[in-house]
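The values are calculated or read from the model by the stated rules, or taken from the named source; none is laboratory data. All figures in this text were calculated on a predicted structure; none of them were measured in a lab. No Cβ is skipped: glycine too gets one built from the backbone with ideal geometry, and neighbour counts run over all protein chains shown. Side chains included, ligands, DNA and RNA excluded: accessible areas come from the protein's heavy atoms. Shrake-Rupley method; radii C 1.70, N 1.55, O 1.52, S 1.80 Å.
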Amino acid sequence: MNIGRRSFLSFLIGGAAGTALSPLPWKLTDDISIWSQNWPWTPVPATGEVTYANTTCTLCPGGCGISVRKIDERCVKIEGTPGHPVNDGGVCPLGSSGLQVLYGPARIKTPLKRVGERGQGRWMAISWEDALAQTADKLTELREGGQPQSVACLSGRTYGTMPSLLQRFMAAYGSPNFMTVPSMRDSYALTFAAMNGQTAMAGFDTENTDFVLSFGSGIIDGWGSPVRMFRANSAWQGGRGKVVQAEPRLSNTAAKSDIWAPIRPGTDAALALGMAHVIILEKRYRSDFVSNYTTGFDAFKTMVMAGYSPEKVAQITGVEKNTIVSLARSFARASRPLAICGRGRGEVPGSMNEFMAVHALNALVGVINRPGGVWALPEPGYIQWSGPDLDAVAIAGGRRQRLDGAGSSNPAASLPNRFFTTVAAGEDYPIEAMFISGANPDFDFLNNQRVAEAMAKIPFVVSFSSLMDDTARNADLILPDHVYLERYEDVPAPMGFQRPIIGLCRPAVTPQFNTMHTGDVIIQLAQTLGGTLADAFPWDNYEVCLQDTLGDQWDTLVEEGYAMDEGFSPAPWADMFGSRKFDFTAAGIRNGFVPVPIAGDDITYPLVLMPYDSMRVASGAIGNTPFMTKTVDENVLLHGMAFVQINPVTAGSLGLRQGDKAELTTPAGKAEVRTDLFEGIMPGVIAMPRGMGRTPYDKKLMKHGVSTNPLVSSVEDPISGLEAAWGVRAKLSKA
Amino acid sequence: MSTTEEHANEVPAEIADKKETTPETKKESAIGYVILFFFVGLIASLIVGWIIFPRLLYSQKSQPFDFNHAVHLDLVDEGCQSCHYFREDGSFSGVPKLAQCIDCHEEVNGEDPNEEIFVTEYVWKEREVPWLIYSKQPDCVFFSHVAHVSEDSLYDGKDCVTCHGYHGESETLRPYQYNRITNISRDIWGHNIAGFARNSWDRAKMDDCAKCHAEARDAASRRNLKAPTTRFITNIIDVAFPGTRPAGKGSSVQTERGACFECHK
């Protein structure tokens, strides 16, 4: 038998013919194409019933209404609620990626007790019974030892039942050390208290403004309620108004403005006073308001006339004399002008001098409580709890001096920056336990090395964080809260919104893990501690407390998702300034422009570093979601390294080119960065986004870039005591 | 050049030698082998392609427990839609969720061990039953049930049987066969490996969709063209000025034209 090559080839040909006549090739082709169109590792949302859960976003103080699209019990998308008064269907990058917070890997799934060293990340999962018992034991021990004042609490939120419950707990327990995290809201409140002479929140009628003069406010970089400001900005762009942006850097807001006035950093108040000079000189101010409802105008006039001529202001600010004059004229000529401040997103409270100078401009053109102007809003008043009754321990503890010095000699409501400095220095009495809810001081505070030093001296730190953020990582006990899509909460007073409104945050899904509402934790702790504390918290749980507190408004909230005082209009001048006139000579402005000194000398540190805010980088207690990090440009963040923006002229003098690695040194710290040559930044000034470089949190995000917070030294405002640092002196050298 | 030329000269010489030395008989048997091996290859590959390949391609799983459609169909008033209903927004609910079954099956009602498994393992433990769905299309397929079954649709309200066969009258659940490559149910390609279908519910590939859509389109265009003269005139227009005549009512409800996939498969 001779089976040769020909036979073999023949076998193959026969095989090929047979295969072609069988379904094999055709079926395989089809299967491979189906397989390649449906990669098994690509997640596909399950099919099911589509529903929408309307709730309120709490990821920032903006208070947007959101609609969570669900398939059965799984949230699949977050959209803005159409028709909502704050955001009318719009949503920001952080809000739209909130599901990555809900379902992300950084969630804390159960109460955790630290077993290793602090910050080591070694935890033991414990039951809620144990966690609450251990907390209650510690609180009982401190109280019985007569040290109730040694317990401190920091809340990220200012208004609503949650901060109120925490504050009530602290009062009934006997500690004066309840603090909230301050922002530009506090600076505005203090400005109103000093100049308007009343306690009020600032609201901005941006929908009706036709000329916006912004002193570094990031109108489309997250200032106020971000989505609302985007809408307002679009309306202005569409011809309804003009935007003037005074800022050292060409931010997104500056780039979209009608006039960008590059100004030397930290001299905004001087520019405001220079404009006031022109307005007064040319008698362009609203004389009916100024003569009838203000006091101290003559002194103010003398001050600005003497010291703030456009020539002098041009020297201070670097803004040209003619620009100052023309800006002042167009501002005063506009029918509904508005001057705003609060740098970037307004998270750092800022200089009172600047806020007052800007508010004085609004007073000169008479837009306080007028359409398109700045409105004084009453603080939310729906929380009408009686008491609490205090026992002897609580009275004694409550009489102790607050460690942050707020409230007594100082007008600010809370000064956590000063609190941490005091605790770090070991002054006055020690803090034995600290509760932190909705805040991330280990990351968020400027010069946060101080916070770490203070925390090291506090033996018992309890975090209520839902996510493993920097502060939770350094805590001793974590009592994880539900995330906002799993819980009830009232969300009053969106930042900068001009009408009283309460949004309802309510569960879109049932809690995904073994977490507990912090409201419930507080109520249960109070009831365990007993006595007057238990009496002060008579509710069965937080939901009952919320319903009782909201009373008649509850039904509206459940139905509409928000309750707004539609007919609200700000008090007319006669009512508002009838008995207490607007004061042009309040303490912060009486002496003219007072620059906030920043740390560092200009010989060792020839540059100025300014942190800036961006919609693509979350800088608050909630960090960037993976989605947001993907939107960050490659000249901001590349391969985990952050860029500093630097003017090509400055870069040239330092021998730095685009993308070079450099060492950034400030009096507070050092960082490895890369350089991004940017003509939109003043020579001598360098800038970096706030909010990057968080240490723990989420494997996919962290170690991304550099946080500016440890680099910037804290500066207290001389009047309010609030954080006022707008930057720090810096040195950049080629690495 | 020279080496190539040498080779070119050598090769024909070798072949010529071989031809001279090979006897005729040997040559014939070689051709016989060639033919034999062709058929061996042909038959082997046909066996592989038609018999072995389908066995290798598909695997099977059994359902979590058995279910008797016939019994349930007798008990309900609105046929299939009693359990496989349309939601208010028109989306199709598909396989019932636990919540629908709980009304009757909160406790074990009968003797059937399958019901006992259902109640004890799923109802009491509040776990959804992980049914294996014979008719589940790949994720890349978009299909709207409501467009196909509603009375006012172009398809004159197909009943469930048209695509799903007599599944609703089955007394037991057959094993779920699935493709090892795609993980898709065998019912989509159809049980015949060659893709032949005797009934409209034997397969649910794109071709099967297209077939029905093309029929619907033809029926619709027939309805539009009344008299033979009209048809004649329109035909002339179509040939002389292609594309100028507005399209007739096609098989797509949205566009009133033929569905894209009739051509793009």
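Using a 1.4 Å probe and counting only protein heavy atoms, how much accessible surface gets buried when B and A come together, both sides summed, in Å² to the nearest 100?
Answer for the B-A pair: about 2600 Å² buried.
For A:Phe627 paired with B:Ile237, estimate the spin-label separation in nm (one decimal), with each label point 7 Å from Cα along the Cα-to-Cβ line.
Those two pseudo-labels are separated by 5.0 nm.
Go ahead and run the numbers for FRET between B:Glu169 and A:Leu12, Cβ-Cβ distance against an R0 of 51 Å, rounding to 0.05. Let's see the in-between values first.
Details: r = 50 Å, r/R0 = 0.97.
My answer for the efficiency is 0.55.
Give me the accessible area per residue for the protein assembly as shown, probe 1.4 Å, as a whole number in Å². Please report the intermediate quantities before stating the final value.
Values: 46500 Å² over 1000 residues.
Per-residue value: 47 Å².
Could you please put A:Trp554, A:Trp223, A:Trp35 in sequence from largest to smallest accessible area, using a 1.4 Å probe?
Details: A:Trp554 30, A:Trp223 0, A:Trp35 95 Å².
Of A:Trp554, A:Trp223, A:Trp35, the descending order of accessible area is A:Trp35, A:Trp554, A:Trp223.
Mind checking the angle between helix A:297-307 and chain A's longest principal axis? C-alpha axes, 0 to 90 degrees, to the nearest 10.
Helix A:297-307 and the main axis of chain A meet at about 70 degrees.
Where in segment A:275-295 does the label zone of A:Arg590 land, with the point 7 angstrom along Cα→C-beta and an amide N cut-off under 20 Å?
The answer is A:294-295.
What's the carbon and sulfur percent of segment A:276-353's accessible surface, probe 1.4 angstrom, rounded to a whole number? Provide the component values of the computation, followed by the final result.
Numbers: 1550 of 3250 Å².
Reported share for carbon and sulfur atoms: 48 percent.
Show me the ranking of peptides A:170-182, A:95-107 by mean Cβ neighbours inside 10 Å, starting with the highest. All intermediate terms of the calculation are to be shown ahead of the outcome.
Details: A:170-182: 24.8, A:95-107: 19.4.
Final packing ranking: A:170-182, A:95-107.
So what's the angle, to the nearest 10 degrees on a 0 to 90 scale, between helix A:128-144 and the longest Cα principal axis of chain A?
Relative to chain A, helix A:128-144 is tipped by roughly 30 degrees.
Can you give the local net charge around A:Glu663? Use residues other than it whose beta-carbon is closer than 9 angstrom to its beta-carbon, Lys and Arg +1, Asp and Glu -1. Display every interim value, and only then the final one.
Numbers: positive: A:Lys661, A:Lys670, A:Lys731, A:Lys734; negative: A:Glu672.
Charge balance near A:Glu663 sits at +3.
Helix A:24-37 versus the longest principal axis of chain A: what is the Cα-based angle in degrees, 0 to 90, to the nearest 10?
In chain A, helix A:24-37 runs at an angle near 10 degrees to the longest axis.
Give the accessible area for A:Lys70 in Å² (nearest 10); use a 1.4 Å probe, count only protein heavy atoms, and leave out ligands, DNA and RNA.
The accessible area comes out at roughly 20 Å².
By the scheme Lys and Arg +1, Asp and Glu -1, what is the net charge of all other residues having a beta-carbon under 10 Å from that of A:Pro111? Can you show the working numbers first?
On the way: positive: A:Lys109, A:Lys113; negative: A:Glu129, A:Asp130.
For residues surrounding A:Pro111, the net value is 0.
Would you mind checking which residues have amide H under 5 Å from A:Ala599's amide H? H placed 1.01 Å from N; only 5 or more apart, or other chain.
Under 5 Å from the amide H of A:Ala599: A:Ser713, A:Arg729.
Within 10 Å of each Cβ in peptide A:26-36, how many partner chain Cβ atoms are there on average? Round it to a whole number, please. Please report the intermediate quantities before stating the final value.
On the way: counts 4, 10, 4, 0, 7, 7, 2, 1, 12, 6, 1.
That average works out to 5.
Select from A:Gly15, A:Val594, A:Ala125 the residue farthest towards the positive end of the dipole of chain A; place +1 on Cβ of Lys and Arg, -1 on Cβ of Asp and Glu, and compute about the Cα centre.
Of the candidates, A:Gly15 comes out farthest on the positive side.
Normalise the Debye intensity by I(0) for the protein assembly as shown, one equal point scatterer per Cα, no solvent, then take log10 at q = 0.04, 0.06, 0.09 Å⁻¹ and round to two decimals.
The Debye formula, applied to the Cα set alone, gives -0.31, -0.63, -1.06.
Just want the answer: with Cβ charges of +1 for Lys and Arg and -1 for Asp and Glu, which residue in A:Met201, A:Met641, A:Ala574 is farthest toward the dipole's positive end in the protein assembly as shown?
After comparing all options, I get A:Met641.
Excluding A:Thr585 itself, what net charge comes from residues whose Cβ is under 14 Å from its Cβ, given Lys and Arg +1 and Asp and Glu -1?
Details: positive: A:Lys301, A:Arg580, A:Lys581, A:Arg590; negative: A:Asp298, A:Asp583.
Charge balance in the 14 Å sphere: +2.
At 1.4 Å probe size, with no ligands or nucleic acids counted, give the accessible surface of A:Lys581 in Å², nearest ten.
The accessible area of A:Lys581 comes to roughly 80 Å².
When the solvent-accessible surface of protein heavy atoms is calculated with a 1.4 angstrom probe, in what order do A:Glu663, A:Glu672, A:Glu723, A:Glu117 fall, highest first? All intermediate terms of the calculation are to be shown ahead of the outcome.
Working: A:Glu663 60, A:Glu672 90, A:Glu723 20, A:Glu117 130 Å².
So, going from the largest accessible area down, we get A:Glu117, A:Glu672, A:Glu663, A:Glu723.
In the full protein assembly as shown, how much of A:Lys242 is accessible to a 1.4 Å probe, in Å² to the nearest 10?
110
Please give the Cα centre distance for segment A:555-588 versus segment A:151-187, rounded to the nearest Å.
23
Taking the dipole about the Cα centre of the protein assembly as shown, with the C-beta of Lys and Arg at +1 and of Asp and Glu at -1, give me whichever of A:Val608, A:Ser187, A:Met352 is farthest to the positive side.
Projecting each Cα onto the dipole axis, the largest value belongs to A:Val608.
Which value, in debye to the nearest 20, gives the size of the charge dipole of the protein assembly as shown about its Cα centre, when Lys and Arg are +1 and Asp and Glu are -1 at the Cβ? Before the final figure, lay out the partial values.
Numbers: 92 positive and 112 negative charges, 736 e Å.
Computed about the Cα centre, the dipole is about 3540 debye.
Provide A:Cys92, B:Cys260, A:Cys545 ordered by accessible surface of protein heavy atoms (probe 1.4 Å), highest first. Numbers along the way, then the final one.
Details: A:Cys92 30, B:Cys260 105, A:Cys545 0 Å².
Result, largest first: B:Cys260, A:Cys92, A:Cys545.
Averaged over its residues, how many other protein chain Cβ atoms are within 10 Å of peptide B:136-149's Cβ atoms?
Details: counts 1, 2, 5, 8, 4, 3, 0, 0, 0, 0, 0, 0, 0, 0.
The mean count of partner-chain Cβ atoms within 10 Å per residue comes to 2.
Quantify how strongly other chains surround peptide A:43-55 by giving the mean number of their Cβ atoms within 10 Å of each of its Cβ atoms.
Details: counts 0, 3, 1, 0, 6, 5, 7, 3, 2, 0, 0, 0, 0.
Neighbouring Cβ atoms belonging to other protein chains average 2 per residue here.
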